[in-house]
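Read the structure below first, then the notes.
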Amino acid sequence: MTAVPAKPPIAKRVPHSVTHHGITIEDPYAWLRDPGYPDVKDADILAYLNAENAYFEAVMKPHRGLVDTIVAEMKGRIKDDDSSVPQKDGDFVYWHAFDAGGEYPKWYRRKYAGGRDEVIIDEPALASGHDYFRLGGHAVSPDGRLLAYAVDTNGSERFVLKVRDLTTGEELADVIENWRYGLVWAADSRSFLYTDADEHWRSKAVWHHRLGDPQSADREIYRESDPMFTVSLGRTQSRRFATFSTGDHTTNEVWLVPLADFSAKPVLVSPRATGRLYDLDEREGVLYIRSNDTHVNFRVVTAPVERPCAWKEMIAGSDRHYILGFVTFRNLMAIEERIDGLSQIRLRDYDSGAEHYIEFPEASYVAGLAGNREYDVDRLRLTYQSMVTPNTVYDYHLSDRRLETLKVREIPSGYDASQYVTERLMAPSRDGVMVPVSVVYRRDFVKDGKGPLHIYGYGAYGHAIPPGFSTNRLSLLDRGFACAIAHIRGGDDLGFGWYLDGKLDKRTNSFNDFVDVTRHLIALGFASPGRVTAAGGSAGGELMGAIVNQAPELYGAIAAHVPFVDVLNTMLDETLPLTPGEWSEWGNPITDRAAFEYILSYSPYDNVTAQVYPAILVTAGLNDPRVTYWEPAKWVAKLRATTTGGNTILLKTNMGAGHGGKSGRYTALEEAAEEYVFFLTQLTGARNGVA
C-alpha cells in the first residue's frame, strides 16, 4: 500500500433512527440525503462531497503519470475515426462514424440505390457546451422524412425529445419533456407513441403525440395503476403493431395497437398472471410468444392476432435450452438462446419446422443478432466476440449458411491474440452448486499463487455478464494480471432458474458464489489472499459491499461503482424512483417482516463492522436516478468510521453526471484508468504500475 498524502474527510454523525416491525436501526449519516433531491443544494452535503473529491485528487495526484500512461494505452487501442457497418432500412442505409479525435459520433444515411451521405445527427454539435451528453435514442419516420431524437445533458436520464425535418434540416416545434426510452412512429408518419418519466422517474403511461400539437394536448392511451409496474414500448418486426408491456421483474402483460390506427382500442394479449412473463413478435397475422408459464427457461407458443389468448405450443421449454428471445422475419424465425451457458442462434423454418444452428469458429464466445431492421431478409447481421477475439460483425447468408466477415474491431496499437489464453472453469460454491468462471491471462502467466488476479461480477436482475472482449482489460493483462468474470447466481448465465436462485430470499447466494469463486481461483494458483482485486457497479456494487463485509482478507483492493449498498433504507422508501418496481427483486420490507430481517442481514451499509477492510474506491453520480448519490456517500462515511485498518478508502462523485459516469468515448477512459491505477498502487508490492 502506498502512502496517503492527505487526511480523509470525516463525516459528522447526526442522531437518526427508524423503526419497522419493532426493530430500530440507527442511521447517523442519513443527513447526507438532501431533502430537496433531485435538486441538491444543501451546503453541508455539497461541502462534504467536494471534500471527498479533493481527497480523491490528493491521493491520486502522485500517480497521475501512470493514469496518463494507461489512458494513452487505452486510446491507442481505439481507432480514431472508427465507424459502424452500414445497415439497410427501407430506402436507406444507416451508420455512425467518429471524426478523428471526436468524443461523440455523427449519424449518417444515404440512399440504398446510391447517392450522397447525409448527416442526420451531429452529436458533437449537440454536445457542445455541455460537460455531459447522451443521445438517448432516435427513430426515423416510416416515410424517411422526419427524425425524432432525445438528449440528456446532465445524467438525470430525463431526456428532451425533438423532431427534425430531414429534408430541410429544420427543427419542428414539437418538444417532449421527460421522455424515457420508448417511441414508435405511426404508419403515416404524422404521429408517434412514447413513454415519459413521471415525478418519481417512473414510466406509467403511453402517450399519443400528433405532430404540431403541444405536449399538453397529447392523448393518454394507457396508464398503469399498479405502483410496482412500469411501462415499456416496442414494435413488431413486421411493423404492423406497436407493443407496450407493463410489469415488474416477474410479472407482465402486453398490449397491441396497430401502427395504421393509433386511435384504435389497444388489445390485451393475455392478462397479467403473477410470476408469468411473456413477450412477443408478429408475422402474417400470427403472434409468436415467449413465456415462462410452463417452464422456467421459457417456451414459444403461437396465437392468431384475432384470438391472442389461444396459445398453442410451438417450442417446448427445456432444462438445457434457455430461450432468450427471437425475431420473426417473414421468411424465418431467428431464436437467441443459451445452451449450457453458451450463446447460440437457432434458425427455424415456419412451414416445415426444420431448424439449424449458426456455427461459430470458437468453443467459447458471445454472439447475437444485431440491428436487423427489415422484415424480409436474405442475410442476418450478427455480432461475435470472445475473451481473446475482438468484436466482429458478420453477415450470415441464409442461402448457403455462410458467415461473411464485415468488420473486426481494429486495435491500432496492435494486438496478438496468440499471446493470451482463456479458460472456462467451474468453481464449487459452499452449497455444492458449480459456478462458471471465465478467465483470461497472458500465455506467460504462472499459476504460482503470486497473482495478481482481478475478478468482475454483477449477479442481479437476470443480467448475464458474457465472456466478451475488452480492449481496456489489456492494460491489466499486460501488467501480469489474470482477469476473471464470475458468472454468479442472480444473473441468468445458466438459465432463468440461475437468476431466481440469486434474488429475494436467495439473494446471498450471489455474494457467497463470488467469494467461493475467489477462493477456488486462489486454490488453483491464480493468486493468494490479498493479491486479488474485484469490481462491480450498481447491483454489482452491492456485491462488492457484501464480499468485503464477508471476506475482506481475500481482497487487496475493490472498486464499487455507483454501488447499491443502502439496500434496506432504499427498499423502505417508496418515494424513490425505482423502489416499488424493485420489491419483486429484493422483497418489500415495509409490509414483510421476513424480508426486512433478511435484507438487514446482508445490506452492505448496515453490515459494516469493526474489521480491517481492503482498499476501496467508490464512485457516485450526483444526478443518478438509479442509485442515489447518498448511498455510496453514507457507505464511505461509515467505512471510514468503522474500519480497524489503514487501507485507503476513496469516494469520487461526478457532480454533473449520473449512473453511467462521464460521457464521451475518450473522457470515460480516465475513470477506467483511475480504477486500474488504484488497483496497481494498492496491491502489496505494486510499484510503478507493474505488479
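The values are calculated or read from the model by the stated rules, or taken from the named source; none is laboratory data. Just so it is clear, the model here is predicted, and its values are computed rather than measured. Cβ: placed from backbone, ideal geometry, glycine included. Neighbour counts: every protein chain shown. We work out accessible area using only protein heavy atoms, side chains counted, and drop any ligands, DNA or RNA first. Shrake-Rupley method; radii C 1.70, N 1.55, O 1.52, S 1.80 Å.
Listed values, structure above:
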| quantity | calculated |
| --- | --- |
| Global form of the stretch 31-83, assessed from the alpha-carbon gyration tensor, a/c cut-off 1.5 | oblate |
| Prolate/oblate/rounded label for the stretch 282-355 (Cα gyration tensor, a/c 1.5) | oblate |
| R0 of 25 Å, Cβ-Cβ distance residue 14-residue 591: FRET efficiency to nearest 0.05 | 0.30 |
| Summed side-chain charge close to residue 18 - residues other than residue 18 whose Cβ falls under 11 Å, Lys, Arg +1, Asp, Glu -1 | -3 |
| Inter-part distance where the stretch 36-73 and the stretch 370-442 are each reduced to a Cα centre, Å | 36 Å |
| Phi-based couplings in Hz for the stretch 346-354 (Karplus 6.51, -1.76, 1.60; Gly and Pro marked x) | 9, 10, 10, 7, 5, 6, 8, x, 5 |
| Net length gained if the chain between residue 39 and residue 666 were fully extended (0.36 nm per residue, minus Cα distance) | 222.9 nm |
| Percent carbon-and-sulfur accessible area, the chain, ignoring ligands, DNA and RNA, probe 1.4 Å | 50 percent |
| Whole-Hz ³J(HN,Hα) from phi, Karplus 6.51 cos²θ - 1.76 cosθ + 1.60, for the stretch 608-619, glycine and proline x | 5, 10, 6, 7, 7, 8, x, 4, 9, 10, 10, 10 |
| The chain: angle of helix 539-550 to the longest principal axis, Cα-based, in degrees nearest 10 | 30 degrees |
| Charge tally in the Cβ shell below 14 Å around residue 224, where Lys, Arg are +1 and Asp, Glu are -1, residue 224 excluded | -1 |
| Helix 43-60 vs. the chain, principal-axis angle (Cα, 0 to 90°, nearest 10) | 70 degrees |
| Correct option for Rg and Dmax of the Cα atoms in Å [calculated from the coordinates] among (i) 27.7, 92; (ii) 31.6, 106; (iii) 25.4, 72 | (iii) |
| 12 Å beta-carbon shell around residue 275, net charge (K/R +1, D/E -1) | 0 |
| Gain in span if fully extended, residue 448 to residue 125, counting 0.36 nm per residue against the direct Cα distance | 111.0 nm |
| Relative contact order [Cα under 8 Å, 6+ residues apart], the stretch 547-668, whole percent | 29 percent |
| Surface accessible to a 1.4 Å probe, per residue, for the residues of the stretch 372-488, Å² | 42 Å² |
| Sorted peptide list for 304-313, 281-290, 415-424, 43-52, criterion being average Cβ within 10 angstrom, highest first | 281-290, 43-52, 415-424, 304-313 |
| Contact order relative to length of the chain, as percent, for alpha carbon pairs under 8 angstrom and 6 or more apart | 11 percent |
| Label point 7 Å beyond Cα of residue 644 along Cβ direction - residues of the stretch 549-566 with amide nitrogen under 20 Å | 549-557 |
| Residue-wise HN-Hα coupling along the stretch 333-343, computed from phi with Karplus coefficients 6.51, -1.76, 1.60 (Hz; x: Gly, Pro) | 10, 10, 10, 9, 8, 10, 10, 6, x, 9, 4 |
| Cα gyration tensor category, rounded, prolate or oblate, for the stretch 304-458 with a/c compared to 1.5 | oblate |
| Linear extension gain, residue 402 paired with residue 173, 0.36 nm per residue minus alpha-carbon span | 77.7 nm |
| Efficiency of FRET between residue 113 and residue 376 - r from beta-carbon atoms, R0 22 angstrom, step 0.05 | 0.85 |
| Helix 667-682 vs. the chain, principal-axis angle (Cα, 0 to 90°, nearest 10) | 30 degrees |
| Cα Rg, Dmax, the stretch 359-408, angstrom units | 11.1, 34 |
